[in-house]
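Working notes for the structure below.
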Amino acid sequence: MSRKGDMSNFFIRYGFLIVVAVSFVGLGLVQPAFWSGPNQFSILLGVTVYAILALGLTFTLVIDGLDLSVGSTAAMTVMAASYCMVVAEMSGTATVLTCLALGALIGLVNGILIVRLRIPDLLATLGTMFLIQGLQLIPSGGRSIGTGMILPNGEEAAGSFSDGFLFLGQGRLFDLVPTPVLFMLALAVIVYVVLDHTRWGRVFYAIGGNAEAARLVGAEVDRYRIVAYVLSGLIASVGGIILAARVGRGDVSSGGGLLLDAVGAALIGFAVLGARRPNAFGTIVGAIFVGMLLNGLTMLNLPYFWQDFIKGVVLVAALAFTFGLARRR
Amino acid sequence: MTAVSVRDIGKRFGPTVALHGVSFDFNPGEIFALVGANGAGKSTLIKIICGYYPDYDGEILVDGKPVRFSSPHEAYRNGIATVHQLIDQGVVPNMTIAENLALAELLVGEGAPFFYRPQQIARRAAEIAARMGLDHLDLDMQVADLAQSDRQLIAIARALATDPKLLILDEPTSSLSEREADRLFSRLDRLRREGVAILYVSHRLHEIERIADRVGVIRDGRFGGLLQAPFKVTEIVTAMVGDLDRAEDRVAVVPDQSGAPRLELRDLVVMPGAPPLNLVARAGEIVGVTGLIGAGKSELAQCLFGLRQPVSGQILVDGSPVASASAAQAIGNGIFLVPEDRAANAVIPEFTIRHNITLPFLRDFGALFSWSGLIRHDAEKRAAMRMIGAMGVKCDGESAEIGSLSGGNQQKVVVARWLVKPSRVLLLDEPYQGIDIRSRHDINAHLRANCRDRAVIVFAADLDEILEVADRVVVLNHGAVAGQQLVGAIDRRQLVHWAAQAPQSREKGRAAV
Amino acid sequence: MSLIKSLALTAVGVAALLAAAPAMAQGAKPAPFDGKKQVHVALIRQMVEGEFMEMYRAGAERQAELIGMKLTTFGKNMDNQSQANFVYQAINMGVDGIIIDHGLTETLKKPAADAVAKGIPVVAFDVDLQHPEINQIAQDDVLLGRMALEAMLKDFQGKANIGYVYVAGILPLDKRDKAFTDIKGANPGMKEIARTGTLDSPFSVKNAEQVKAVLRANPTINAYFAPYDEFGKGVVMALEETSMTDKVKVYTADISTQDIQLMTKPGSPWAATAATNPAAIGAVSVRAIAKKLAKEPLDHEITIPPTLFTQAELISSGVKNMKQLREKFPAFNQVDRATAPWIPVDKAGMF
């Protein structure tokens, strides 16, 4: 290998991480508060929900699909959790289990639409996205759900969010590490191990690479594809549970923007370590990088309307890097 | 005066030479059939003539003048009109017949008018239709509502609208019924009388016997012969599959037929209307199954591997009947398959060599507890290294991406995948497609070395490929065994006869109908 | 940074830039405004879009500039969990004070309490943070509703058949609804005939469709109470499309340039609206945090009184937009809440 080749390989592998490191140092030099320990956790906390959604989405990207319904699944989970706690007055554990079951169910519906009815993934999940967005409004009559809300039948809702449930979103370990961040990191490790170190992960990737070849080595391709969507829905509902516990109220507008942020993080992840494919580590790094940039730039008084632009720039640059430069090696 | 000639056309893809320099003349008023086995280089030649591969050796002459096409569009402008195999690529289903006929000239072509003028289109479409004899069609009908043969005729009519020097028909009957094909042939007769030069590509040798004036044969990327009408199908087949007088390397080999029967097929009907098929394959032997396209080779392989359900009959492995509803079940029954068309069916392009090799049997590299699904990477790596060494895969180590390998080495990896674990029966469907001789020998040597406990069945259309590896040659024709010979007692003439005889002439065939 | 800063300033509005020179500081300023250090305050918002929100921000920024403190605005439109994150980010930045503008009680209660625990003073506008040390700023929504309804009461001499636009569960609307319930109770002649309401976007058009149906079904309606200007626009639209502008009078809350133009249009059915000045509320929010930082006494609840604008007043004064409205109706500007001698106010400008 020539020296030039070595250089470009190094750049492809570590280029993105170098950009992350340079941004980290640069933002801290301009605004020292950026480097403080609590602020690091602030950044992580800020990206938690959509990073979790992106981790679920990674499964569907790995099998060469895409799940557009993760954002609305999370939003629906917020409403469902609020309904369970505030209106149905269920326990925290029962609420969590109900929400997870709902998420998995939505994933199963997606999987069946795509695998059995052969609806293209984008269209099927776009359809369920709208469906869920509408569905979540029905139980509460289109209203936000909070303690004391007037139910459609005129009664007042008496339940409230239990402290245990709220701890999932607002608690802190050692008064420092927010619980959602722990969930995110744990989930990232699990997804990483499953995708990179288990035979199931290998088969997921094989299906994404060449589904017919995977079928001909004996993989139950249809079953794996359905499972990918179930995992996506299930993980989206984990994100939704944390969102519900953070917001503490069934707010109708909770899910806005989650989908795009999650898709962005997963796609940015392609560029990390020159992977050129969806991967758990890249997804988390992508999510944290965007969160870090926005945190730092907000500290420098960047107006809110610049945020989407910055995200777009990072995403386009990462995609150009992944598909343009890295492909030529 | 020839309309179009090709001179010494050569083409290589990386290290693989697809064409070694072939020359043909295509004359006006003549149907020239081009034949060759799969991978012989036929489609490469066609693609060069119609401009898909601008990078080739040799030259193309149109009306005696040398030309060089850099794109299909340029070839089209120079009078090369092509109707491709898939009809629906040639017509726009949701437009009317008239619009389809006038598409090139009046809707998207250079100098097409800015405004859509229905009368102009209708007039021009009527002219084109009249010439092609499409009088039976209402030109305002949607193409989507038409029969396949009519769509085919429309695609051809449109190709002819510009008065091309050469009309290329690539497998035009592949999706037509016999009657539809007959209708097409009568139009082609008419075009021939009008002086059109037609290059006709087909696997269906009986059609070629019926309509072609001359037949050009390509074999292993070289000129394989030129035949004048009238000709017999057996002559064409002989030219396609090889030189009858070629010396047999393995004449002296006496195959071992003492192994226990591994695979037994009892009255297996692999496709509707086919006669029952009976075959036994023993441990330690390599059976070569050959036959023309459509003879049922692929169907048989698919039935054995659970990708297709046989119409009737039994499959026995080690004496007990098995029924596989999927590849996974077939693998569970001890039947492994190296599928045809490596790129489409076998290679996972983004994977490393190691990951490609170990994919079917990841469970064997499990760590700790199998329920954890965790993979022991070191064991996996050792297995991959062992297979790379055994198969002689030339690569930069087990972690190189499979895309970095040549076709032959990729094929070795794909074969190696199925030798990691013992099987009862190993099937290889066209395993030599697009690979070099060296890789072929490596693969064969390895199959031979590893066939002790398994029955190996190689499916290939090319007789020479089969003769190189097989202990026994089985010829399929119309879904059943037409005959078989042991290596050492090979009579090529007989093999060719078995492969080429019309199905009706065989007693078994008649009995089944 | 200068590019970004100038963009931010553009958002403040040309009016603010062209306003009269800052009034001279009267007397010595108390610590921490005595010039020893730059005071830094975070404004953390739930909604950033819409005319009301923009005027609020302009008012807050202008007042901060006059006091001489740095104001950093955080906000991502309608993203509640981000709003909570921003509170922590502001804490990490080490700001001196935090203003929270709208949001969900459930989401913000804990972050705000955490800020207070870290010794950072907090004031809140239109969100109840349920903390004894967090001062609550709010429009007087009950009064807002009552003023509009009293105008109706006067115009109809206590006898009106009323159509009502209302969506339950929105705090300001619920308070305005209380005023309506009170008025109905005290005046038997004020009869509610029909009630509709939706928060489907666009609000005005969707409500207009509902109101049209109500008008056809209930020809006796002669007054409409729509205590939110987008609802009011919908009612006016419905009346215009059914050619009933001369039969029904409309009473609303809130005001904007577009509202003024609709009200002063010849033949407009829009009789009166009660409103507070968003820019003044923004300024009050900043003054409140400044007084808190200077450890001066401050009411726990600061309510901003509304002003009533009738159609006749607006037409006779010739007001065409918000700027002229502020000039012609000084009471609207001069909201004397949370003031101090050392805090300059923008007399000629927005508040």
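The values are calculated or read from the model by the stated rules, or taken from the named source; none is laboratory data. Keep in mind the model is a prediction, meaning the values are calculated, not measured. Virtual Cβ from ideal backbone geometry, glycine too; neighbours counted across all protein chains shown. Heads up: the accessible areas ignore ligands, DNA and RNA and are worked out on the full protein's heavy atoms, side chains in. Shrake-Rupley method; radii C 1.70, N 1.55, O 1.52, S 1.80 Å.
What quantity of accessible surface, computed with a 1.4 Å probe and excluding non-protein components, is buried in total between chains C and A, in Å² to the nearest 100?
Using a 1.4 Å probe on protein heavy atoms, the buried area is about 2800 Å².
Keeping the other protein chains in place, figure out the carbon and sulfur percent of the accessible area of the protein assembly as shown, with a 1.4 Å probe.
With neighbouring chains kept in place, the figure for the protein assembly as shown is 57 percent.
Need the C-alpha centroid separation for the stretch C:179-203 versus the stretch A:7-51, integer Å.
Each part reduced to its Cα centre gives a spacing of 54 Å.
Hey, any idea what the orientation-averaged projected area of the convex hull of the stretch C:121-227's Cα atoms comes to, in nm²?
Mean projected area for the stretch C:121-227: 8.1 nm², to one decimal.
Given H placed 1.01 Å from N in the peptide plane, which residues other than close sequence neighbours of residue B:338 have an amide H under 5 Å from its amide H?
For residue B:338, the qualifying residues are B:427, B:428, B:429.
Give the interface area between chains A and B as buried accessible surface, both sides summed, probe 1.4 Å, in Å² to the nearest 100.
Chains A and B together bury approximately 2100 Å².
Only sites in a loop by DSSP and with at most 15 other Cβ atoms within 10 Å count here; which trypsin sites (Lys or Arg not before Pro) in the stretch B:180-236 make the cut?
In loop regions of the stretch B:180-236 (DSSP not H, G, I, E or B), the sparsely surrounded trypsin sites (Lys or Arg not before Pro) are B:232.
So how much slack lies between residue B:162 and residue B:234, counting 0.36 nm per residue of separation and subtracting their Cα-Cα distance, in nm?
Answer, rounded to one decimal: 22.2 nm.
How big is the dipole moment of the stretch C:19-147 about its Cα centre under a simple scheme where the beta carbon of each Lys and Arg is +1, that of each Asp and Glu is -1, and everything else is neutral? Debye, nearest 20, please.
My answer is approximately 480 debye.
Quick check on the stretch C:216-351: of the DSSP beta bridges with both residues there, what percent are antiparallel, nearest 5%?
35 percent
Would you work out which of C:132, C:73, C:204 lies farthest towards the positive end of the dipole of chain C, given +1 charges on the beta-carbon of Lys and Arg and -1 on that of Asp and Glu, about the Cα centre?
After comparing all options, I get C:73.
Quick one: 3J(HN,Hα) in Hz for the stretch C:73-78, Karplus 6.51/-1.76/1.60 with θ = phi - 60°, rounded, Gly and Pro as x.
9, 10, x, 9, 4, 6
To the nearest 20 debye, what charge dipole does chain C have about its Cα centre, counting +1 at the Cβ of each Lys and Arg and -1 at the Cβ of each Asp and Glu?
So the magnitude is around 380 debye.
Just to confirm a number: summing +1 for Lys and Arg and -1 for Asp and Glu over residues other than residue B:142 whose beta-carbon lies under 12 angstrom from that of residue B:142, what do you get?
Charge balance in the 12 Å sphere: -4.
Per residue in the stretch A:204-223, which ones lose no less than 50 Å² of accessible surface when going from chain alone to all protein chains (1.4 Å probe)?
A:210, A:216, A:217
Please work out whether chain A counts as rounded, prolate or oblate from its C-alpha gyration tensor, where a ≥ b ≥ c are the square roots of the eigenvalues and a/c under 1.5 means rounded, while otherwise a/b larger than b/c means prolate and anything else oblate?
Verdict is oblate for chain A.
Looking only at chain C, where both bridge partners belong to it, what percent of the DSSP beta bridges are antiparallel (to the nearest 5)?
Given both bridge residues lie in chain C, the antiparallel proportion sits at roughly 10 percent.
With point charges of +1 on the Cβ of Lys and Arg and -1 on the Cβ of Asp and Glu, referenced to the Cα centre of chain C, which listed residue (C:318, C:232, C:168) lies farthest in the positive direction of the dipole?
C:318
Round to the nearest 10 and give me the degree value, 0 to 90, for the angle of helix B:118-132's Cα axis relative to the longest principal axis of chain B.
Long axis of B:118-132 versus the principal axis of chain B: about 70 degrees.
What is the set of long-range amide H partners of residue C:195 at a cut-off below 5 Å, with H atoms built 1.01 Å from backbone N?
Amide H neighbours of residue C:195, under 5 Å, 5+ apart: C:164.
Indicate, rounded to the nearest 5 percent, the antiparallel portion of the DSSP beta bridges found entirely in the protein assembly as shown.
40 percent
Tell me the per residue accessible area of the protein assembly as shown using a 1.4 Å probe; a whole number in Å² is fine.
Per-residue value: 41 Å².
Considering only B:115, B:100, B:237, whose Cα is most displaced toward the positive end of the charge dipole of the protein assembly as shown, charges sitting on Cβ of Lys, Arg (+1) and Asp, Glu (-1)?
Ranked along the dipole, the leading option is B:237.
Note the angle between two axes, namely the Cα long axis of helix A:179-197 and the longest principal axis of the Cα atoms of chain A, as a number of degrees from 0 to 90, rounded to the nearest 10.
50 degrees
Between the stretch A:72-141 and the stretch B:322-339, what is the C-alpha centre distance in whole Å?
Using only Cα atoms, the two centres lie 38 Å from each other.
Quick one: which residues, 5+ away or cross-chain, put their amide H under 5 Å from the amide H of residue C:224? H built at 1.01 Å from N.
C:163, C:249, C:250, C:251
Magnitude of the Cβ-charge dipole of the protein assembly as shown, K/R +1 and D/E -1, about the Cα centre, nearest 20 debye?
In debye, rounded to 20, the protein assembly as shown gives about 1440.
Against the longest principal axis of chain C, how steep is helix C:229-241, in degrees 0 to 90 to the nearest 10, with axes from Cα atoms?
For helix C:229-241, the angle is close to 30 degrees.
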